[in-house]
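The values are calculated or read from the model by the stated rules, or taken from the named source; none is laboratory data. Bear in mind that the values here come from a model prediction, so they are computed numbers and not experimental data. A quick note on method: Cβ atoms are made from the backbone with ideal geometry, for glycine too, and the neighbour counts reach across all protein chains shown.
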Amino acid sequence: MMRARKFSLAGIAVGALSLTVATSIPTAFSHGYTTAPISRAKHCANTTVQNCGAIQWEPQSTEGPKGFPGAGPADGKLCSAGLQQFNELNDQRAGAWPTTQLTSGQNYTFRWTLTASHATTDFKYYITKQGWNQSAPLTRSALELTPFLTVPFNNARPPSSVSHAGTLPNRTGRHMILAVWTIADTANAFYQCSDVRF
């Protein structure tokens, strides 16, 4: 009887310790992808684009270090958020990614679908420079590093469907928009690449 009680107390102690450890580890449950303009990740999930690898099952998971452009994923790995398992997103595919048709200077509503929300610093939108190298994976040198649209969220939790209205920069031809959703209480952000044509 005494032996059984010792084992029970030991089990409770181990359980309490496990609960303490589990609750002290920070976890991010936020995930999301852009639907306007539609991102490469979402094109893969929709099977509009084939041979995408793992991203086709989890378009919401392009999560990498925050702090872009000073920090964040390495150049050439921006679309995959630096995650090797999503490397297919970095391949320009010789311009074969489907594009969203846009008009320079127009007012446009950007949209995200969030599969889980989280305290948010902001959403920022970057665009490639005129004359960028369309054959190479996306780099900081290809982008205007001042976002053309910033939407502060002041640590609030966004809803599952988020829309941001903004004015598009003046561009012609094929470009890429990099959308960055920065999480307030983790070290991460979410990165989504969309192919567009002006």
**Item:** Test: residue 131 is without any contact (Cβ under 8 Å) to a residue 24 or more places away in the chain and within 15 Å of the chain's Cα centre (by Cα)
**Value:** no
**Item:** Among the residues listed as 115, 109, the single one being in a strand (DSSP E or B), more than 17 Å from residue 178 (Cα to Cα), in contact (Cβ under 8 Å) with a residue 24 or more places away in the chain and polar (S, T, N, Q)
**Value:** 115
**Message:** Among (1) farther than 23 Å from residue 197 by Cα; (2) surrounded by fewer than 13 Cβ atoms within 10 Å (Cβ to Cβ); (3) in contact with a strand residue (DSSP E or B) (Cβ under 6 Å, 6 or more places away or on another chain); (4) not aromatic (Phe, Trp, Tyr), there is one condition residue 101 misses while meeting the rest; what is its number?
**Reply:** (1)
**Asked** Within the bounds of the range 131-140, is there any residue that is touching a strand residue (DSSP E or B) at 6+ places or on another chain (Cβ under 8 Å) and β-branched (Val, Ile, Thr)?
**Response** no
**Prompt:** On the given criteria, is residue 61 part of a loop (DSSP other than H, G, I, E, B), modelled with pLDDT of 95 or more and in contact with a Lys or Arg (Cβ under 8 Å, 6 or more places away or on another chain)?
**Reply:** no
**Prompt:** When the residues of the range 112-125 are filtered to those that are of a type in the set (Ser, Thr, Tyr) and closer than 16 Å to residue 100 by Cβ, which remaining residue is surrounded by the fewest Cβ atoms within 10 Å (Cβ to Cβ)?
**Reply:** 113
**Any chance residue 75 is surrounded by fewer than 20 Cβ atoms within 10 Å (Cβ to Cβ), outside any loop (DSSP other than H, G, I, E, B) and not polar (S, T, N, Q)** = no
**Message:** Can you name every one of the strands (runs of 3 or more DSSP E) wholly within the range 127-198 that holds 1 or more residues which are closer than 24 Å to residue 104 by Cα, touching a Phe, Trp or Tyr at 6+ places or on another chain (Cβ under 7 Å) and among the aromatic types (Phe, Trp, Tyr)?
**Reply:** 174-183
**Message:** Taking the criterion of being closer than 17 Å to residue 192 by Cβ and at pLDDT below 95, would at least one residue in the range 10-29 satisfy it?
**Reply:** yes
**Request:** Kindly indicate which of 46, 87, 51 is in contact with an Asp or Glu (Cβ under 9 Å, 6 or more places away or on another chain) and at pLDDT 95 or above.
**Result:** 51
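Among the candidates 153, 148, which residue alone is free of Cβ contacts under 8 Å to residues at least 24 places away in the same chain, surrounded by 12 or more Cβ atoms within 10 Å (Cβ to Cβ) and over 17 Å from residue 33 (Cβ atoms)?
148
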